[in-house]
Amino acid sequence: MKPNLSIVWFKRDLRVEDHTPLKQAIDSGDLVLLLYLFEPELMKAKDFHLRHARFAYQCLLALNQQLNAHSITVNIAYGTLESALERIELKYKVNAVYSHLEIGNDLSFQRDRRLKSVLKEKGIQWKEFAQNGIRRGGQDRIHWDLGWKEYVHTSIEPIELSACNAVQISLPGLPSEFQKTLEKEESNEQKGGRPAALEQLRQFRDSGISTYQKNISKPLESRSSCSRLSPYLSFGVLSIREVFQIGLIEYNKGINKRNWDA
């Protein structure tokens, strides 16, 4: 009999903090595969650039370095989830795929629609979780702000990584030329990874916040007053809730008594 397996599919959530899919997969008691896919079909999109892939790769390397203390690794593969499942199911019975809802472009939306049918046919549950206070299906914005404020104030549940029964599987690796491109460092690009994200958040909290509202619309002053957190939020290295609780609340306590709930 094949052992039961749950897959945590990382997409735009390259962190292990404030990560409900990961927590739920660990709590399921199954073996857990942490998986990130560089998907060729998504890299054909007009809004894709190699710097996006390079940034994601840097985030993944930093994430695996963080997880190394727990003998856990995010498996980095090249291809589609369907092709990965073909290999995974040779050895394991996949019970569920856990992921965050991805708010992407039309290609990612169509991929998700296709995958829902594929997973349903295979009898695999796809458990998706909202993140960053985004709610799908609303017909209006009435009371949206109240829901968002409730979300960012909700306590972040700790994740017991030591309880994760992680496995590794041999999956198609990155093409050599593509890997070389990802490993190339560009001096004019913002560096990916959790340590860089937390340092940027610290700098913004300690210096940029005080002039953000005043200078963000000014071409010159905005260079030093903006947060530069957008890529870390976009790729989920930080969650909005973390930024609010680690950054703004702490700033509010210490430097400025301004009411961020107003």
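The values are calculated or read from the model by the stated rules, or taken from the named source; none is laboratory data. This structure is a prediction, so every number in the text was calculated from the model and none was measured. As a convention, Cβ positions derive from the backbone with ideal geometry for all residues, glycine included, and neighbour counts pool all protein chains shown. All accessible areas refer to the heavy atoms of the entire protein, side chains included, with ligands and DNA or RNA removed. Shrake-Rupley method; radii C 1.70, N 1.55, O 1.52, S 1.80 Å.
Any residue in segment 145-155 that is among the β-branched types (Val, Ile, Thr) and either without any contact (Cβ under 8 Å) to a residue 12 or more places away in the chain or closer than 26 Å to residue 26 by Cα (or both)? Yes, there is a match, as at least one residue in segment 145-155 is among the β-branched types (Val, Ile, Thr) and either without any contact (Cβ under 8 Å) to a residue 12 or more places away in the chain or closer than 26 Å to residue 26 by Cα (or both).
Within segment 42-59, being open to solvent by less than 50 Å² (accessible area, probe 1.4 Å) and either among the hydroxyl-bearing types (Ser, Thr, Tyr) or in contact (Cβ under 8 Å) with a residue 40 or more places away in the chain (or both) holds for 42, 45, 53, 54, 55, 56, 57, 58, 59. Out of 170, 155, one residue alone is closer than 26 Å to residue 81 by Cα and open to solvent by less than 100 Å² (accessible area, probe 1.4 Å). It is 170.
For segment 124-145, a residue qualifies if it is modelled with pLDDT of 95 or more and open to solvent by 60 Å² or more (accessible area, probe 1.4 Å), and the qualifying residues are 125, 127. Exactly one condition in (1) in contact (Cβ under 8 Å) with a residue 24 or more places away in the chain; (2) more than 20 Å from residue 119 (Cβ to Cβ); (3) of a type outside the set (Phe, Trp, Tyr); (4) not in a helix (DSSP H, G or I) is false for residue 33; which is it? The one condition residue 33 does not meet is (2).
Working only within segment 36-56, note down all residues that are in a loop (DSSP other than H, G, I, E, B) and either touching a Phe, Trp or Tyr at 6+ places or on another chain (Cβ under 7 Å) or not aromatic (Phe, Trp, Tyr) (or both). Listed by number, the residues that qualify are 39, 40, 41, 45, 46, 47, 49.
Considering 63, 67, the condition of being open to solvent by less than 10 Å² (accessible area, probe 1.4 Å), at pLDDT 95 or above, assigned to a helix (DSSP H, G or I) and under 16 Å from residue 163 (Cα atoms) is satisfied by 67 alone. Of the residues making up segment 199-233, not one is within 24 Å of the chain's Cα centre (by Cα), exposed (fewer than 14 other Cβ atoms within 10 Å of the Cβ) and farther than 22 Å from residue 189 by Cβ. Could you pull out the residue among 18, 13 that is of a type outside the set (S, T, N, Q), in contact with a helix residue (DSSP H, G or I) (Cβ under 6 Å, 6 or more places away or on another chain) and either more than 22 Å from residue 92 (Cβ to Cβ) or surrounded by 17 or more Cβ atoms within 10 Å (Cβ to Cβ) (or both)? When all the criteria are applied, what remains is 18. Within segment 234-256, if we keep just the residues that are open to solvent by less than 30 Å² (accessible area, probe 1.4 Å) and more than 17 Å from the chain's Cα centre (by Cα), the residue that is modelled with the lowest pLDDT turns out to be 251. Residues that are in contact (Cβ under 8 Å) with a residue 40 or more places away in the chain and of a type in the set (D, E, K, R) occur in segment 171-183; there is at least one. Filter segment 1-10 down to the residues that are of a type in the set (A, V, I, L, M), out of contact with any Pro (no Cβ under 8 Å at 6 or more places or on another chain) and surrounded by 17 or more Cβ atoms within 10 Å (Cβ to Cβ), then identify the one that is farthest from residue 242 (Cα to Cα). Out of the qualifying residues, it is 5. Right, residue 110: open to solvent by 20 Å² or more (accessible area, probe 1.4 Å), modelled with pLDDT of 95 or more and assigned to a helix (DSSP H, G or I) or not? Answer is no for this residue. Looking at segment 26-34, is at least one residue of a type in the set (D, E, K, R), buried (at least 17 other Cβ atoms within 10 Å of the Cβ) and out of contact with any Ser or Thr (no Cβ under 7 Å at 6 or more places or on another chain)? Scanning segment 26-34, I find no residue that is of a type in the set (D, E, K, R), buried (at least 17 other Cβ atoms within 10 Å of the Cβ) and out of contact with any Ser or Thr (no Cβ under 7 Å at 6 or more places or on another chain), so the answer is no. Here is a check on your reading of the model: is residue 38 surrounded by 14 or more Cβ atoms within 10 Å (Cβ to Cβ), at pLDDT 95 or above and under 13 Å from the mean Cα position of the chain (by Cα)? Here the answer is no, as residue 38 does not meet what is asked. Scanning segment 84-103 for residues that are touching a residue at least 12 places away in the same chain (Cβ under 8 Å) and open to solvent by 50 Å² or more (accessible area, probe 1.4 Å) yields 87, 91, 93, 103.
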